[in-house]
1. Quickly run through the stretch 82-96 and pick out the residues that are open to solvent by 40 Å² or more (accessible area, probe 1.4 Å) and within 30 Å of residue 27 (Cβ to Cβ).
2. Sort out which residues of the stretch 223-264 are more than 25 Å from residue 140 (Cβ to Cβ), within 16 Å of the ligand (Cβ to nearest atom) and open to solvent by 50 Å² or more (accessible area, probe 1.4 Å), and write them in order of number.
3. If residue 99 satisfies all but one of (1) free of Cβ contacts under 8 Å to residues at least 60 places away in the same chain; (2) surrounded by fewer than 24 Cβ atoms within 10 Å (Cβ to Cβ), what's the number of the condition it fails?
4. Where residues in the stretch 49-81 are open to solvent by less than 70 Å² (accessible area, probe 1.4 Å) and polar (S, T, N, Q), which of them is nearest to the ligand (Cβ to nearest atom)?
5. Just need a number here: residues in the stretch 274-293 that are in contact with a helix residue (DSSP H, G or I) (Cβ under 8 Å, 6 or more places away or on another chain) and either within 15 Å of residue 247 (Cβ to Cβ) or assigned to a loop (DSSP other than H, G, I, E, B) (or both).
6. Among the residues of the stretch 7-45, write down those that are open to solvent by less than 20 Å² (accessible area, probe 1.4 Å) and farther than 15 Å from residue 129 by Cα.
7. Can you name every one of the helices (runs of 4 or more DSSP H) wholly within the stretch 158-273 that holds 3 or more residues which are among the acidic types (Asp, Glu)?
8. If residue 89 meets every condition in (1) more than 16 Å from the ligand (Cβ to nearest atom); (2) in a helix (DSSP H, G or I); (3) touching a residue at least 40 places away in the same chain (Cβ under 8 Å) apart from one, which number is that one?
Amino acid sequence: DKHNFVTIADLTREKILYMIEMAQEFEKHPNRELLKGKVVATLFFEPSTRTRLSFETAANRLGARVIGFADPKVTSGTKGETLKDTILMVSNYADVIVMRHYIEGAAQYASEVAPVPIVNAGDGAHQHPSQCMLDLYSIYKTQGTLENLNIYMVGDLKYGRTVHSLLMAMRHFNPTFHFVAPKELAMPKEYKLYCDEHGIKYQEHTAFNEKVIADADILYMTRVQKERFSDLMEYERVKNVYVLNNELLKNAKPNMKILHPLPRVNEIAYEVDDNPHAYYIQQAGNGLFAREAIFCDVLGITLDDVKNDKTIIK
Ligand code: CP
């Protein structure tokens, strides 16, 4: 059976912990030849810095070769080729396809037509499951556990696909969520319903101040996603809504870490970068290990294979 990595909703608690353990192995030894002879395709129909480059680095560090595009304008899509035909063509060349697309559900569709595994690198405002794996890994590394944490999600909770994925994944670990957003960018009803159905505790806030975040273990900041707004006037109204600075962090718990999927625009002041609570740069670095684990998983390489791997390059 073909393994895809399209949505985080399918992952069990055991599978998440298994993937974290695999990422830990890759953090110990990132350079191996487990994917030697394989070809990885990265098809990015939307801009990216971290996701594409860390997937490509993961493929390179595992000994695979990489093909693909970072700009759909250079493809035959501009001549009218459909996504289905593009996916079928690339399946002739590659062993696994990593795809980012602006349409929600595009990765699921690709997984249904492709004979090779599909890895979702973000589909519209829907899901970003590989980001979610690196977020989970970052939370686990900084807190020593995923259990019973107070997680504050701040900013654009309407269009921010990373918070949607993280919310679903954390359902196994008894979190308390705090959704901090202006009403225009509130967590969509379907995700609040998801919380209700899975017994996930949450509160909503519109104010963002040091009192609101004083009991946070994780402060997950997000960018207001300009590219998803149909009305740019509305973007202008909300774009500066919350800005995190050192003053707001003065009552934070010692263990609290600030995450952000990046890129940031102005929602985290640059002064915060040197604050001991800042973790977003290291978080992006964890993407390499999480994505090495994802490649192995979709290509049928198990945690035992990784633990007994004799291809490590010191
Ligand atoms: N976090 C993230 O998805 O970043 P990029 O858009 O740069 O890939």
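The values are calculated or read from the model by the stated rules, or taken from the named source; none is laboratory data. Since we're looking at a predicted model, the values are computed, not measured. Backbone-built Cβ (ideal geometry, glycine too); neighbour counts: all protein chains shown. Quick note on the areas: whole protein, heavy atoms, side chains included, nothing else; ligands and nucleic acids left out. Shrake-Rupley method; radii C 1.70, N 1.55, O 1.52, S 1.80 Å.
1. Correct list: 95 only.
2. 226, 227
3. It is condition (2) that residue 99 fails.
4. 51
5. The qualifying residues number 4.
6. 22, 26, 32, 35, 40, 41, 42, 43, 44
7. In the stretch 158-273, the matching helices (runs of 4 or more DSSP H) lie at 189-197.
8. Answer for residue 89: the failing condition is (3).
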